[in-house]
Amino acid sequence: MSAEPVIQARDIVVEYPGHPPLRAVDGVSFDLYPGEVVGLVGESGCGKSTMARVLTGLLKPTAGEVSYLGQPLRPLGIGGRAPELTGIQMVFQDPGSSLNPRRRVGKQIQDGIDTAAKRMACLGQRLSRDDPAPIDPAEWLVRVGMQASDVRRFPHSLSGGQRQRVATARALAARPSVLIGDEPISALDASTQAKVAHLMGKLAVSQGACLLFISHDLSVVRLIADRIMVMYRGRIVERGPTAEIWSEPRHPYTKALLGAIPVPDGAGKLPAVADPGVAYPLEEADRTG
Amino acid sequence: MTALLRIEDLTLGIKDEDGVTPILRGISLDVAAGQVQGLAGESGSGKTITGMTVMGMEPAGSVTSGHIWLEDTDLLALRGKELNQVRGQRVGMVFQDPSASLHPQLTVGSQLTDHVRYHLKLKRAAATDLACDWLERVGIPGGRAVLRRYPHEFSGGQRQRIAIAMALACSPGVLIADEPTTALDVTVQAGVLALLRELVDTLHLAVLFVTHDLGVMSAIADNVAVMHDGEIVEAGPREQVFTNPAHAYTRSLLASLPGAKGGLLSRADLETLGGGW
């Protein structure tokens, strides 16, 4: 990659207190570059959501460091997010709870636009109509495939897919350099999932941002991601370009994960069953050569 | 092949101040022994309510018409005690989320034996033996000691296996499975699907399998019915529905899925989706 990474995560370890402590993330390092879509996949409990919380500063890692645009990422305090850190935005799993039910969607998208304005003001810049990103909530709604008149609607009158589009618009209106989606499509109907995922990727990349798409659903991730990282028990066990991982997985866990995906081809073939007792190696698969 | 479960022109509406809101608009389905009848559709299409109505668990204020034949019994006409004789004994049900469908404060043993003792009039010891057999059958190791444990001591996949054992303990002929693998990880889902298929084949169960996941549907169903807005828009053998869908709605559903015939196979296909839905 030519550009500087927007996010550098180095040897991130997260332990949750307990006896013994639970190590949710166990030494994860990666870089995220502008304009790419990266899929972080894994099953429940593998630490992918914990990783999202670390990258957004919601959780302070037990060890390791995240830097954002070359600066160490400070965890969020009580006073809210520092303006320079609003370039990291997140779209959550359930738009029903991440959108404010009592505010019109236009107002909520305006929050995102205001966030961008505030951050740019810190840099001595101003939002302008000539920017590639709209500065009007109605335009944002059109961009995510809704009607301009929907600005007056409340979240409850929208479908799940529409709500997630609004949440995406709000996050992108803040003009992030990193957009993190934590299972953003798993609460949606199957027919809407690919559309919303595609929309998130396309819009983020068109703004020059990076999308980190966290999901358990490899079949959708594979369509939108440039690169995939597979997490298992707090480690990244395999990473590489999507097409290569899909066609030639090397880690036994990745193989099991890919083999278990039921394909809607009507062939009546049951997905391969892995031995439930098997523990896969935690070393990252070597994909060189 | 004669149908074990026959749903005939089932309609269901919910009564409120403004009249009756139609939910199901004339559903007809035949499920034969040893067959998995898949019921697919998006949220709000009425697929779950169809399964619930077979179990006599339609929501309060429902107005129904039509018939649900279980051999010669019309389940829709049954009330109270008569219905209880059928539920759990002749028709079993597995729900989506085993952490919600299993009682957290009761041991696995009591949940596996209570209904067996009630329905089959078994003594405690005989019911316990039966429960042990079932645990082994659904792939939960540990024998009798497992019966004293509580649901939270098991993983999600194991809990769903226990829920399946519960549903089948009285040897019902019909099983209603409502999104039984949706809450599970894919690798765990694969195991539960294989178990269900094996049980269907060995016990000759008639299964009504409700799911929104067409990948799962393709793996387990023999026949598929696609629901939309309270109606079955397309029904037929699995392969035909998946590879040669007759209805425009089925085609649009498949076109939006990764990996389906006519669906999304590469990134370029995503561009064809457009912004609408």
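The values are calculated or read from the model by the stated rules, or taken from the named source; none is laboratory data. Treat the numbers as computed from the prediction; the structure is a model and nothing was measured. When we count neighbours, we look across all protein chains shown, and the Cβ atoms used for this are built from the backbone with ideal geometry, even at glycine.
So the values come out like this:
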| item | result |
| --- | --- |
| Test: residue in the range A:220-232 that is surrounded by fewer than 21 Cβ atoms within 10 Å (Cβ to Cβ) and more than 10 Å from chain B (Cβ to nearest Cβ) | yes |
| Elements of type strands (runs of 3 or more DSSP E) in the range B:7-112, at least 1 residues being over 30 Å from A:Ser159 (Cα atoms) and more than 14 Å from chain A (Cβ to nearest Cβ) | B:19-32, B:62-70, B:91-94 |
| Residue match in the range B:123-144 (condition: under 15 Å from the mean Cα position of the chain (by Cα) and within 13 Å of chain A (Cβ to nearest Cβ)) | no |
| Matching residues, the range A:247-269, being buried (at least 18 other Cβ atoms within 10 Å of the Cβ) and either at pLDDT below 90 or within 13 Å of chain B (Cβ to nearest Cβ) (or both) | A:Tyr253, A:Thr254, A:Ala256, A:Leu257, A:Leu258, A:Ala260, A:Ile261, A:Pro262, A:Val263, A:Pro264, A:Asp265, A:Gly266 |
| The range A:200-210, residues that are surrounded by fewer than 23 Cβ atoms within 10 Å (Cβ to Cβ) and either away from chain B (no Cβ under 11 Å) or hydrophobic (A, V, I, L, M, F, W, C) (or both) | A:Leu203, A:Val205, A:Ser206, A:Gln207, A:Gly208 |
| Which numbered condition A:Val278 misses (of (1) more than 9 Å from chain B (Cβ to nearest Cβ); (2) under 25 Å from the mean Cα position of the chain (by Cα); (3) of a type in the set (A, V, I, L, M, F, W, C)) | (2) |
| Only listed residue being closer than 19 Å to A:Leu99 by Cβ and at pLDDT 90 or above, chosen from A:Leu223, A:Leu199, A:Leu188 | A:Leu199 |
| Failed item, numbered, when B:His152 is tested on (1) out of contact with any Pro (no Cβ under 8 Å at 6 or more places or on another chain); (2) under 25 Å from B:Val188 (Cβ atoms) | (1) |
| The range B:145-188, residues that are basic (Lys, Arg) and closer than 25 Å to B:Met57 by Cα | B:Arg159, B:Arg161 |
| Single condition B:His152 does not satisfy, out of (1) closer than 28 Å to A:Lys48 by Cα; (2) assigned to a strand (DSSP E or B) | (2) |
| Failed criterion for B:Lys261 (all others in (1) under 26 Å from B:Asp97 (Cα atoms); (2) touching a Phe, Trp or Tyr at 6+ places or on another chain (Cβ under 9 Å); (3) of a type outside the set (Asp, Glu) hold) | (1) |
| Residue that is nearest to the chain's Cα centre (by Cα) [pool: residues in the range A:27-48 that are modelled with pLDDT of 95 or more and charged (D, E, K, R)] | A:Glu36 |
| Positions within the range A:30-58 being part of a strand (DSSP E or B), in contact (Cβ under 8 Å) with a residue 40 or more places away in the chain and either among the basic types (Lys, Arg) or within 22 Å of A:Glu283 (Cβ to Cβ) (or both), in sequence order | A:Phe30, A:Val38, A:Gly39, A:Leu40, A:Val41 |
| Positions within the range A:76-98 being loosely packed, with under 13 Cβ neighbours inside 10 Å and modelled with pLDDT under 85, in sequence order | A:Gly77, A:Ile78, A:Gly79, A:Gly80 |
| Listing of helices (runs of 4 or more DSSP H) fully contained in the range B:159-275 that carry 3 or more residues being at negative phi and either surrounded by 20 or more Cβ atoms within 10 Å (Cβ to Cβ) or among the hydrophobic types (A, V, I, L, M, F, W, C) (or both) | B:186-203, B:214-220, B:238-243, B:248-255 |
| Test: residue in the range A:216-225 that is among the basic types (Lys, Arg) and more than 17 Å from A:Ile7 (Cα to Cα) | yes |
| Condition check for A:Gly64: touching a residue at least 40 places away in the same chain (Cβ under 8 Å) and not hydroxyl-bearing (Ser, Thr, Tyr) | yes |
| Residue among B:Gln89, B:Gln105 that is surrounded by fewer than 13 Cβ atoms within 10 Å (Cβ to Cβ) and within 25 Å of B:Pro180 (Cβ to Cβ) | B:Gln105 |
| Single match in B:Thr211, B:Thr243, B:Thr250 (criterion: more than 8 Å from chain A (Cβ to nearest Cβ) and over 17 Å from A:Leu188 (Cα atoms)) | B:Thr250 |
| Count of residues meeting criterion [more than 7 Å from every other protein chain (Cβ to nearest Cβ) and touching an Asp or Glu at 6+ places or on another chain (Cβ under 6 Å)] in the range B:183-208 | 1 |
| Residue that is touching a strand residue (DSSP E or B) at 6+ places or on another chain (Cβ under 9 Å) and among the basic types (Lys, Arg), where the choices are B:Arg90, B:Arg159, B:Arg144 | B:Arg90 |
| 1 or more residues on the phi < 0 side of the Ramachandran plot, free of Cβ contacts under 8 Å to residues at least 60 places away in the same chain and within 14 Å of another protein chain (Cβ to nearest Cβ): qualifying helices (runs of 4 or more DSSP H) within the range A:88-170 | A:137-143 |
| Among (1) modelled with pLDDT of 95 or more; (2) crowded, with 22+ Cβ neighbours inside 10 Å - the single one B:Pro98 does not satisfy | (1) |
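Let's see how each residue does on (1) surrounded by fewer than 16 Cβ atoms within 10 Å (Cβ to Cβ); (2) in contact with a Leu (Cβ under 6 Å, 6 or more places away or on another chain); (3) not polar (S, T, N, Q):
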position	(1), (2), (3)
A:Val6	no, yes, yes
A:Ala9	no, no, yes
A:Glu15	no, no, yes
A:Gly39	no, no, yes
A:Ser44	yes, no, no
A:Ser49	no, no, no
